[in-house]
Amino acid sequence: MSACLSTERISKSFLGNRVLDAIDFELRAGEIHALMGENGAGKSTLIKILTGVYQADSGAILRDGKPVVIGSPADAVAHGISTVYQEVNVLPNLTVGENICIRREPRGPFGIRWKQLNERAATALDRVGLNLDPQTPIRSCSIAVQQMVAIARALDISAKILVLDEPTSSLDEKEVRRLFDLMERLKEEGLGIIFVTHFLDQVYETSGRITVLRNGVRAGTWTTQELGREALINQMLGREGQSLASEAKPVTPKAGRTVVSTHGLGRKGSVNNISLEITKGEVVGLAGLLGSGRTESAHLIYGIDAATTGSLTLDGKPVDRPTPKSQMRRGIGYCSEDRKAEGILPELSVRENIILALQAKRGWLRRIDTATQTKIGEQYIKSLNIRPPDLDRPISLLSGGNQQKVLLARWLAADPELLILDEPTRGIDIGAKVEILEMIKRLQAEGMAFLFISSELAETVSVANRVLVLRDRSVVAELTGEQISEAEIVRSIAGSE
Amino acid sequence: MKRDLPSWAWALAAFVLLLLFNLAFTPGFAHVEIRDGRLFGSLVDVANRAAPTLLLAIGMTLVIGTGGVDLSVGAVMAIAGTVAACLVARPTNCPLNAIPTGKSVPAVAGFAGLAGLLCGLFNGFLVAVVEIQPIVATLLLMVAGRGVAQLLSSGQIITFDSPQLAFVGSGSLLYLPTPVWISLSVLLLVAVLARRTAFGLFVEATGSNLVAARFAGIDSRGIKLIVYAVSGVCAAIAGLIVAADIKAADANNAGLYMELDAILAVSVGGTALTGGRFSLVGTLLGALLMQSVTTTILTRGVAPEIALIVKSAIVVVVCVLQSSVVQSEIARRRMARGAA
């Protein structure tokens, strides 16, 4: 097999920080090549260079052995390189078909040929196995479907090289399966696929070779057979890895008072009949497939959406018409799953992003003075290992995983009684995942309660004292103690006894 | 690592360059003399004439910080000026005659400010509560506001003779014109409000990511309401100064197109119109830069029609210099030089 895309000694710096150092990388036609590394290892930067978003400071890119200049995303497309990014990038106000064909609309004497466009889009959707009317507005689709549409768009460009940056982070198991089938098929067709993910299982299931980046340097390239899991983790971490599936059992909380309880909480068209109770120092997991109503339940408790049925009680007092502001002041925090749209303040500094919730809690009159801000910020930079450790850098210049840590710091600084964590480990590396799970246990011992929402069952199992399983927007099971295991959760989700 | 330049660096550079140019080539520019207990000269003139624009731009900075814009400030100036003139001159058939202020200037100014506050709250209500796009919401009052002012003045230019009120526009205090004192006091007040409390952070959070701000427990609706109210009051003060200066209120022409000057001053000062980060220092420099361009052109005898073109040219240059494209290019070259 020949290399269809390769780089020679690619280097890149941002504001004096070298993020890529002389990277040699080779992708062959007809292979799925996993690109692995911790947050800030340089994966995203390398991909952005290959797709024309950034330009390398030095080094060369070769396409089928010939040097090429990829000066813009349009250049990349012209060279047959298409990308589906980690954060779904679709134009929400357009239809599915328009999103697929945008900038390559079939045109006639009277402008766009809509019929032809929709037919072409339907073909592209068919190829990714989506049965969807191309005229559906894309904003009404779930994130998972939007992701599939983004892949359909990439395919419609008749790409030879497909870059999938964390494509599975928003997909449920069935959709992941469908994506893998699709990737397999495209591989057979001779496409080269670069696959970036944090899910180790998926790497071993799909990819033929693995390249590991560490701190901007290539640690090596191996075939998947020769690099075992432990070895892969060690390469990524650059040290002897710690055991992945945190063997430690969840901390058992002391019997405490009830922080929050809901009875039959629901909202028309969203979720039905959510009843739960969380006591001080307890971690309650919400498990279920994507779209089962996990996030929607959190939204009702945090007052983002108004409940139409049921009741919500905080500290024994009934809460009427909650809003995020009122819920936050009552001691609840909500760390959203969508950090780009609902989390970060991109122009503002890491410092300001960290103190935001605490400041909102204190009100605008009692400003946190700069010295205290620095103290709080430095404390979290240290305890969460935020990179680079610069409080005054705009958060938009940090890698996704570090942005996530800043958002966690924001909520920890506000010191809530109950913190709702919605996919807190999405898109962050293993080292940081372990850190975050350890941190939850530490804070739990100090009496903080958590509502923990995660697609990774292993994580839920390792921290939760109780797990509520959601299916089709209702609670279908509650697991406690010894009942909590991945197998049991899956059984409850599947609905088999 | 070198710290980035502040966002207002280019406005400062342009302002300083313009001053140096004038000091070198415009005869008598640096000349300042004391007459009747007050300073006279081109430099004082720049500060004095920049005052109304600066006042508008202060409120505009907060509004733009939340990601909005207030197009109605020019019309609000006309309303506030007309309210003040009517209360002092008491023309027959004026609906405001029912208000018993006498000739008390603080009371008259208070009512003019109240008019601005109500206008601002109206804008804020449309933007924050009804969630109409700011450009449309404030366009309403931009158009209708002059109509309101004309209704109050029955379409007449209302002249008045009140030395106390005239003092607001053309008087002086401790050697400096009153408008300079007023505008700088408002600037200081708003700066303290924005930076000594967390209000500025909440404004920036609202403009940077509305959903994230709401989820973090910030009452973005209230914040928006307040910034439009502040903008309305600032516009009323500017309207009062302009009316007091010419001892008349002209509902048709007072503050005409000044909303555009204010937006330019904010923009030149390095505050992005997309919201998020704002800089009051930048706004001060922006307003001074805009006025010194005008003053330079006038004192050098350039025809007024060319003056407008030169003014836009300078704005374009400053905006291009602070654009993200040029900024990243500069950063890249600085790095390349540092590495070499």
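Where a number appears in this text, it was derived from the coordinates with a stated rule and is not lab data. Source: prediction; values computed, not measured. When we count neighbours, we look across all protein chains shown, and the Cβ atoms used for this are built from the backbone with ideal geometry, even at glycine.
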### Query
Anyone know which of B:Ile218, B:Ile309, B:Ile226 comes out most mobile in the 10 Å Cα GNM of chain B?
B:Ile309
### Message
Quick check: Cα centre of region B:175-253 to Cα centre of region A:307-362, how many Å?
### Response
28
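Would you please classify the overall shape of chain B from the alpha carbon gyration tensor, given that a ≥ b ≥ c denote the square roots of the eigenvalues, rounded means a/c under 1.5, and beyond that prolate means a/b larger than b/c while oblate covers the rest?
Oblate is the answer for chain B, as a/c is 1.5 or above yet b/c matches or exceeds a/b.
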### Query
Using a Förster distance of 56 Å, how high is the FRET efficiency between A:Glu184 and B:Asn252, based on the Cβ-Cβ distance and rounded to 0.05?
0.15
## Note on the structure
With DSSP loop assignment and no more than 16 other C-beta atoms within 10 Å, the trypsin sites (Lys or Arg not before Pro) in region A:35-143 are A:Arg103, A:Arg104, A:Arg113
### Message
How large is the Kirkwood hydrodynamic radius of region B:1-88, counting all unique pairs of alpha carbons, in Å?
### Response
16.7
### Task
Using a 10 Å cut-off on Cβ to Cβ distances, tally the other chain neighbours for every residue of A:357-364 and report the average as a whole number.
6
### Query
What distance in nm separates the simple spin-label points at A:Lys66 and A:Lys268, each placed 7 Å from Cα in the Cβ direction?
6.2
### Task
Order by neighbour count: A:Thr460, A:Thr123, B:Thr206, fewest other Cβ atoms within 10 Å first, most last.
A:Thr123, A:Thr460, B:Thr206
### Query
Based on the Cα atoms of region A:46-153, what semi-axes does the equivalent ellipsoid have, where each is the square root of 5 times one gyration tensor eigenvalue, given in whole Å with the largest first?
29, 17, 12
### Query
Assuming R0 = 25 Å, what is the FRET efficiency of A:Ile368 and A:Ala445, from their Cβ-Cβ distance, to the nearest 0.05?
0.40
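Could you sort B:17-25, B:276-284 so that the peptide with the highest average Cβ count within 10 Å comes first and the rest follow in order?
In decreasing order of mean packing, B:17-25, B:276-284 become B:276-284, B:17-25.
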### Pairs beyond 18 Å (Cα-Cα), from A:Lys12/A:Lys66; A:Lys325/A:Lys361; A:Lys43/A:Lys66; A:Lys254/A:Lys317; A:Lys254/A:Lys441
A:Lys12/A:Lys66; A:Lys43/A:Lys66; A:Lys254/A:Lys317
### Summary
Within 10 Å of the Cβ of an average residue in B:196-208, the count of other chain Cβ atoms is 5
### Task
Kindly state, to the nearest 0.05, the FRET efficiency for B:Leu184 paired with A:Ser58, given R0 = 35 Å and r defined as their beta-carbon distance.
0.10
### Message
Using a 10 Å cut-off around each Cβ, can you sort A:Cys4, B:Cys234 from fewest to most neighbouring Cβ atoms?
### Response
A:Cys4, B:Cys234
## Note on the structure
Inter-chain shielding metric for A:324-332, i.e. average beta-carbon neighbours from other chains within 10 angstrom, reads 3
### Query
Where a ≥ b ≥ c are the square roots of the eigenvalues of the C-alpha gyration tensor, would you call region A:372-474 rounded, which needs a/c under 1.5, or, failing that, prolate if a/b is larger than b/c, or oblate?
prolate
### Query
What GluC sites (Glu not before Pro) does region A:442-477 have in DSSP loop regions with at most 13 other beta carbons within 10 Å?
A:Glu446
### Task
Could you tell me which of B:Val105, B:Gln291, A:Ala144 has its Cα farthest along the dipole of the protein assembly as shown towards the positive end, charges placed at Cβ (Lys, Arg +1; Asp, Glu -1), taken about the Cα centre?
B:Val105
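So, with +1 on the Cβ of K and R and -1 on the Cβ of D and E, and no other charges, what is the size of the charge dipole of the protein assembly as shown about its Cα centre, to the nearest 20 debye?
1660
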### Task
With a point put 7 Å past each Cα toward its Cβ, work out how far B:Leu139 is from A:Glu438 in nm, to one decimal.
5.7
### Summary
Sorting B:Val136, B:Ala24, A:Leu451 by the position of each Cα along the dipole of the protein assembly as shown (Lys, Arg +1; Asp, Glu -1; all at Cβ), the one nearest the positive end of that ordering is B:Ala24
#### Entry: Nitroxide proxy distance, nm - points 7 Å out along Cα→Cβ at B:Leu193 and B:Arg35
3.7
### Query
If you build a Gaussian network model of chain B, linking Cα atoms that sit under 10 Å apart, which residue out of B:Gly102, B:Gly232, B:Gly200 swings the most?
B:Gly102
### Proximal aspartates and glutamates to A:Lys268, defined as alpha-carbon separation beneath 16 angstrom and excluding residues fewer than eight positions away on the same chain
A:Glu296, A:Asp305, A:Asp472
### Message
Is the C-alpha gyration tensor of region B:187-327 telling us rounded, prolate or oblate? Criteria: a/c under 1.5 is rounded; beyond that, a/b larger than b/c is prolate, otherwise oblate.
### Response
oblate
### Message
Please arrange A:Glu352, A:Glu486 by how many other C-beta atoms lie within 10 Å of their C-beta, fewest to most.
### Response
A:Glu486, A:Glu352
